[in-house]
């Protein structure tokens, strides 16, 4: 019941739901207290609404935004409470008392301060928003970007300003009880004084030396940096907040390129959700600004997604354009017809090439290059279930099976994911398996965002795993090394504290201008954080018994970390399956659409070495048998062959293949540009540099 209410209200927790309910009930209670009249009841109800409002704002609750959509926004809530205070005074027969007129005058003046306060805050934010935002780009030595106002002045500024009425409200209530106006006027003075000081504290940041340079100066500084840095390979990305993972997966590869890398983003929200990196990053929201940017040294542009804004860079003829995608699977997105707009399409292995040939969407075979998947380097191979502490099995081994279903997709087709039709059957059979196995459940982060049925199925699966976990913990067959777990938990606390310290001393700034100015990464700190995160992952898995079922949501531990501690996986048609194949471990894929084994394998290359599950999951025994006894693993050789077909050979490494592909395409771009220069010289037209600049500066055609 509570979970349903949380989902409907779209709040983050039961505490947020409780705060929202208290706030909604508090205002009618205030009105009743004012009509009775009861000063004490009024004070109690008002205190509840103040605290609930503050809590919801501090948590960034979705409900706060929705209230403003139904004309119950922040200012209205405060105004209603103040009007009800005036009503209380009238019902107490204080309408002719000086405090009554003082209260009216105070609230009129206080709301008069809201306009200049809001205007100043908006002006500061607008003036501190640069035409481009950067990371790892040295702007500090080129332009003077002044410090932002202290974060406390701008963070939740409207809420803080309105809460200053608390002094006046408390003082007026004390006056109503005491029969003296002194406390009320003291409170009124404090409210109006603090409100005025708040506005005055912000005024210096709207003019003079406290505002950043204008757009032209910032753009010139960025071009100066580009001219000095001379980027050669660009990773270009545009998308929504939820798609940030698509660019994050390429950051480590970009850091290891042999050529000088640059990342270009188009949305500020992506920059805010970008993982830490040492690669220079430029966020250019404006298409015109991007088109005028000096990218004359770039020879290869890499695209991780097919989106409309790609055209703003695709129009540049002096560089070669490559679609690299954000995963390799049999989904239709992997053979998007838009891919023919690029000079080349890079796939992991032969399978990607064949997909385009079968799809016949206009991508020529000679334009496809197999480069492997550099991101898969952290995935470890399988050497069978390791010996371990007692886990309820006669030989002391308890295999781990990862259930990692994909989400329901935008079209809501129930065949996209196993979670609705097969998820509970899969988990029930796994938690009841004999000999026992450990279950890790890691759902796709988008699960339930489109279909309520998917969200409900996810909650039921979580409940199943948690119930099974509690039953196993009470089973005497399963023992744990409590001392080792306590040590691991202590290590987690220590590591998290150190990471928080490092991130805090060099972390993200709330102000865009400051973040761009000071956003050059400290490499030593970056490397220490990376090392600590590896230690955190190792400590995390030691912090609970090897037989304990777990629900794993959120960014940590990462999916590949779950791969490495698992002995097998159950999933759906998605890039997760292709990635897991890199481990060589047994896996199963659910035919949720009930195509049948042969047709399912015909349509989906990645399942040709998988155990195919029906929605009843009755075939799970074959998967568990392969995990427990490698000699019974009939699909081992098929997995080895499929791995090379999907992901390419192990030698040379994928990173080496990727770097070679970049170098080859760079050579093609240089050859093309030299050809243009030669033809221009032969025809007596402007030289290559001028021609290149002219072509790059051409506006896009409709």
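Every read-out reported here was derived from the displayed coordinates using simple, explicitly stated rules and does not represent laboratory data. What you see is a predicted model; the values in this text were computed from it and never measured. Note that each Cβ is placed from the backbone with ideal geometry, even for glycine, and that neighbours are counted across all protein chains shown.
Look at where the Cα atoms of segment 185-199 and of segment 53-90 average out, and the two centres are 20 Å apart. Per residue, the average separation of C-alpha pairs within less than 8 Å and at least 6 apart gives segment 230-376 a relative contact order of 21 percent.
Angle, helix 452-473 long axis vs. longest principal axis of the chain, Cα atoms, 0 to 90°, nearest 10? It is inclined by approximately 80 degrees.
Using the beta-carbon distance between residue 91 and residue 186 and R0 = 25 Å, what value does 1/(1 + (r/R0)^6) give for FRET efficiency, to the nearest 0.05? It comes to 0.60.
What FRET efficiency would be calculated for the residue pair residue 178, residue 51, taking the C-beta separation as r and a Förster radius of 22 Å, to the nearest 0.05? It comes out at approximately 0.35. The label-point distance for residue 668 and residue 14, in a model that sets each label 7 Å from Cα toward Cβ, rounds to 5.9 nm.
For the chain, relative contact order (Cα pairs under 8 Å, six or more residues apart, normalised by length) works out to 13 percent. When shorter helices are ignored and each DSSP H run of at least 4 residues is given -39500 (n - 2.57), the per-residue value for the chain at 222 nm works out to -16000 deg cm²/dmol. Relative to 2.2 N^0.38 Å, what does the C-alpha radius of gyration of segment 481-543 come to as a ratio? Two decimals please. For segment 481-543, the normalised Cα radius of gyration comes out at 1.41. On a 0 to 90 degree scale, rounded to 10, what angle separates helix 654-682 from the longest Cα axis of the chain? Approximately 90 degrees, to the nearest 10.
Relative to the longest principal axis of the Cα atoms of the chain, the long axis of helix 482-506 makes an angle of roughly 70 degrees.
Please state, as a whole number in µm²/s, the translational diffusion coefficient that the Stokes-Einstein equation yields for segment 38-120 at 4 °C and 1.567 mPa s, with Rh defined as the Kirkwood radius across alpha carbon pairs. The diffusion coefficient I find is 90 µm²/s. Exposure proxy ranking for 678, 259, 578, based on other Cβ atoms within 10 angstrom of each Cβ and starting from the fewest, stands as 678, 259, 578. Please state, as a whole number in µm²/s, the translational diffusion coefficient that the Stokes-Einstein equation yields for segment 485-613 at 4 °C and 1.567 mPa s, with Rh defined as the Kirkwood radius across alpha carbon pairs. D, rounded to a whole number, is 72 µm²/s. Taken over the chain, the ratio of Cα radius of gyration to 2.2 N^0.38 Å equals 1.16.
Taking only alpha carbon atoms, segment 230-376 gives an Rg to Rh ratio of 0.94, where Rh is the Kirkwood radius. Given their separation in residues at 0.36 nm each and the Cα-Cα distance between them, residue 360 and residue 450 gain 29.4 nm when the chain is fully extended. Taking label positions 7 Å along the Cα-Cβ direction at both residue 486 and residue 602, the computed distance is 6.2 nm, reported to one decimal. For segment 216-285 versus segment 638-683, the inter-centroid distance based on Cα atoms is 21 Å.
A viscosity of 1.002 mPa s and a temperature of 20 °C, combined with the Kirkwood radius over C-alpha pairs in the Stokes-Einstein formula, give segment 2-210 a diffusion coefficient of 112 µm²/s. Once both labels are positioned 7 Å from their Cα atoms along Cα-to-Cβ, the gap between residue 682 and residue 275 label points is 4.8 nm.
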